[in-house]
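Notes follow the structure.
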């Protein structure tokens, strides 16, 4: 079942990214268990926004949401083995960034979110507050999705 954004800002950016790029294609790929990459990305964006709004810091909410929606914009089924990408966890941030850069005009914050969301698996940490928030939200959502299926 397609995930519906719970926050107006997430819904706004999701609609825009679907119209201007290939975000809707993420519905065709599974992420964790029965959760699609699209639903996972919407959940990460929604949770990241909730977390950011609880912090006493100024956060670029537009960059946060767009980066979260695009953090897994790798556009392939990672469950199908491919010698070009033997280690999906390490490979997909670069693939997602390459695809997102091709389809959209990204800000440096959005690039940071996409490039560094797999920290600490990838050794380079986020350089922005928005990147750190999405990194945490991504891990929390992945844990929930993984254990929900069992």
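The values are calculated or read from the model by the stated rules, or taken from the named source; none is laboratory data. Just so you know, these numbers come straight off a predicted model, no measurement behind them. Cβ: placed from backbone, ideal geometry, glycine included. Neighbour counts: every protein chain shown.
Structure summary
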item: Options 75, 49: the member that is buried (at least 18 other Cβ atoms within 10 Å of the Cβ) and at positive phi; result: 75
item: Residue 27 touching a strand residue (DSSP E or B) at 6+ places or on another chain (Cβ under 7 Å) and part of a helix (DSSP H, G or I); result: yes
item: Restricting segment 82-121 to residues that are under 15 Å from the mean Cα position of the chain (by Cα) and modelled with pLDDT under 90, the residue that is nearest to residue 29 (Cα to Cα); result: 88
item: Filter pass, residue 24 being surrounded by fewer than 15 Cβ atoms within 10 Å (Cβ to Cβ) and modelled with pLDDT of 95 or more; result: yes
